[in-house]
1. Using only the alpha-carbon atoms, how far is helix B:502-539 inclined from the longest principal axis of chain B? Give it as 0 to 90 degrees, nearest 10.
2. Taking a point 7 angstrom from the Cα of residue B:448 along the C-beta vector, which residues in the range B:351-369 have backbone N less than 12 Å away?
3. For residue B:506, put the label point 7 Å out on the Cα→Cβ axis and report which residues of the range B:113-135 keep their amide N under 14 Å from it.
4. Show me the ranking of peptides B:542-555, B:210-223 by mean Cβ neighbours inside 10 Å, starting with the highest.
5. Assuming R0 = 25 Å, can you tell me the calculated FRET efficiency for the pair residue B:185 and residue B:494, based on Cβ-Cβ distance, to the nearest 0.05?
6. Quick check: the angle from helix B:270-291's long axis to the longest principal axis of chain B, C-alpha only, nearest 10 degrees?
7. Quote the FRET efficiency, to the nearest 0.05, computed for residue A:7 versus residue B:332 with a Förster distance R0 of 22 Å and r equal to the Cβ-Cβ distance.
8. Sort the range B:222-294 into rounded, prolate or oblate with this rule: let a ≥ b ≥ c be the square roots of the eigenvalues of the Cα gyration tensor; rounded if a/c is under 1.5, and if a/c is not under 1.5, prolate when a/b is larger than b/c, oblate otherwise.
C-alpha cells in the first residue's frame, strides 16, 4: 500500500466498473417494486417506486437546501476564535494542529506528559 | 448476597488510578468494566425489582440502587461502552483524562440506577463535573472556552432539576424516581416542566443542542469517545423513565432527527459532523419515547444501545485519523484508505450501522421506531423520520468515510493507529455485526416482551431502496460537481446567540456605560478645575481679592452705606 503503487481506486476504469454495478443494483431494486408484493401501512407507501424516489429526491433537496443555508450561515473559520481566544496566544489557539505529528508515537491528544 | 452498586468499582478504580501507573493501571481499568458487568449480570438475574442502599437525608428516604429491565439495559450498555473506550484510550499517558473518564462512566451508572430524584441529581451533576475535564484535557484555548460553555449549560440543567425536585417533593411528598408525566401547563405543574427541561438540555433538545456540537469535537481523540457514550444516553434513559408517551416528545424528536442533517452536510470538522448526527440519532429515540407504546419504547432504548456502539465506532475511527494525522477537517483529509486500510474498513462498518443497512445494528432498532410511528398514526412524523434516515446515510454513512479515506488524496503522512485503538474499534464493529445479524440477543434484554422481526421482505427491500437511491443522489451530485465542497468555515447555529449576540450586546452596553461614566467624570473634574481656577484667579497677584484698598475709598464706602441707612430710615 505504498504511494507509488497503483491502488484500486486510482484506476478510473475500476471506479467506472464499480459505478456500473451500482447502477445495475439500483435498477434491480427499483424493478423489484413491480415484482414483489410489499405489505404497506401508509397511503403513499404502496406506490411503486415510493422509497427510491423519496430517497433520491430527499437527498437532492437536502444537499441543495444545505448549500443554500451556506449563503447566510457560513462564516470564516476564526469567526468565534478571534474574539474568544484573545486571552490565548496564537500557538495555543491552534491546539492540536500546531503539534507536530512526526513519526513518533506520541503527539496529538492533549496531555502526554510523562507521569 | 454481597451487593455492590455498579458505580462504586469505577470510583474506587479512579482513586487507585491516581497512584497506579503503566500496565497496572491498564489492567485495573480493563478489569473494572468486565467485573462490573458480571456483577450487574448477577444482580439482574436475581429477579425483578432489585433494590438496595436505602439511606435518608432530612425526611426523605433515598435509594442508591434500584433496577428493572430498563435500567439494567443501560447498565450493561455503559459497562460495554466503558470497556471499549478504556481499551481505545490505553495508550494515553494522562492521569487527568484517565481518572476523569472512570469517574464519568461511574457517574453515568450511578444515575441510571438511582432510585430517587435526589440521588439522580447528585450523579447528574457529577456527570457534568467529571466530563468537562475530558474536554479540557485537550489543553487548547478552544477546548477551554468550549468546556466552560459546556459546563455552564450542564450546571443550568442540574439547577433546573434541583428546582424541579424541590417542587416535586412538596406536591408529591416522595422523591421516588418513576413516571412523572407532563400534565397541565407550566404554572400548574412547574415541577414536571422543570425536570423535563433539565432532561431536555442534557438530551440536546433543539435550542439547547449546541453544547454537544461545541464541546465534543474540541475534546481529545479518546475523550470524545467517552463523551459520546454517556451523557446523552443518561438523558434518554431519564426521559424513558419519567416521560414515556408524552406527545410533545414526538415533535421534539422529529425536529431533532431532521435539522442537524442540514448542518452535517456543510460542516467541515468531521467530528462535528458526527456530533450533529448524534443529535439526529437522539431524535429517533426521543420520538420512540414520545410515542410510548411498548414497541416504541423498546425501539428507543434498543436504538440507544446500538447508537452508543456505532457512534462510538465512528468517533473512534475519526479519533484515529486525528491521532495519526493531526487533522480532522474534511477539507484537509482524503485518500487515507491507502495508509489506514483497517481503520477504513472499521469506519465503513460503523457507517453502515448508523445508516441502518440490513445486517448491521442500526437496522434492527431504527425500524422499530419507524414501525411504531406509522402504527400510531404519526404519518408526517414517519415521513420526516424517513427523510432523516436517508439524510443520515448521506452525511454519516457516505460523507464521513468518503472525505476522510477517499475523495482526493491529500497525501498526508499516516499509518494505522496504535493496536489498542484497532482492538477497541474491532470490538465495536463486531458488536454492530452481531446485533445486526442476531438481533434476538439485544431484543431479549429490552424492557418489554414483544415479538418483532426486523428481517422481512418489505423492510429489507424498502430500506435497501431508500439507501441505494440516497447513494445514487450522492454519486449524481458528485459527478455533476453539485455537491458542496468541504470549506474551512464556521456555520452559525443557536450558539451564535450566546457566543456572539449577547457578548456583543453586553460589550456595546458596557462600552456605552463606560463612555457615559467617562464623560460625567471628566465633566465633574473639569468643573472642579474651573472653580479652582476661578478662585485662584481672584486671589493671586492683581486678583480682585488680593488687591490693596485705599483708606480714602473705604471711608467713602462707609459714608455711602451710612447715607443709604439714613435714606431708608426716613422712608
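Read-outs throughout are calculated quantities, based only on the coordinates presented, and are distinct from any laboratory measurement. Given the structure is predicted, the values throughout are model-derived calculations rather than measurements. Positions of Cβ are generated from backbone atoms using ideal geometry, with glycine treated the same way; all protein chains shown enter the neighbour counts.
1. Taking the Cα atoms of chain B, the angle to B:502-539 is about 10 degrees.
2. Backbone N within reach: B:369.
3. Inside the label zone: nothing.
4. B:210-223, B:542-555
5. Efficiency at R0 = 25 Å is approximately 0.55.
6. On a 0 to 90 degree scale, this one is about 70.
7. Working: r = 20 Å, r/R0 = 0.92.
Result of the calculation: an efficiency of 0.65.
8. Since a/c reaches 1.5 but b/c is at least a/b, the shape of the range B:222-294 is classed as oblate.
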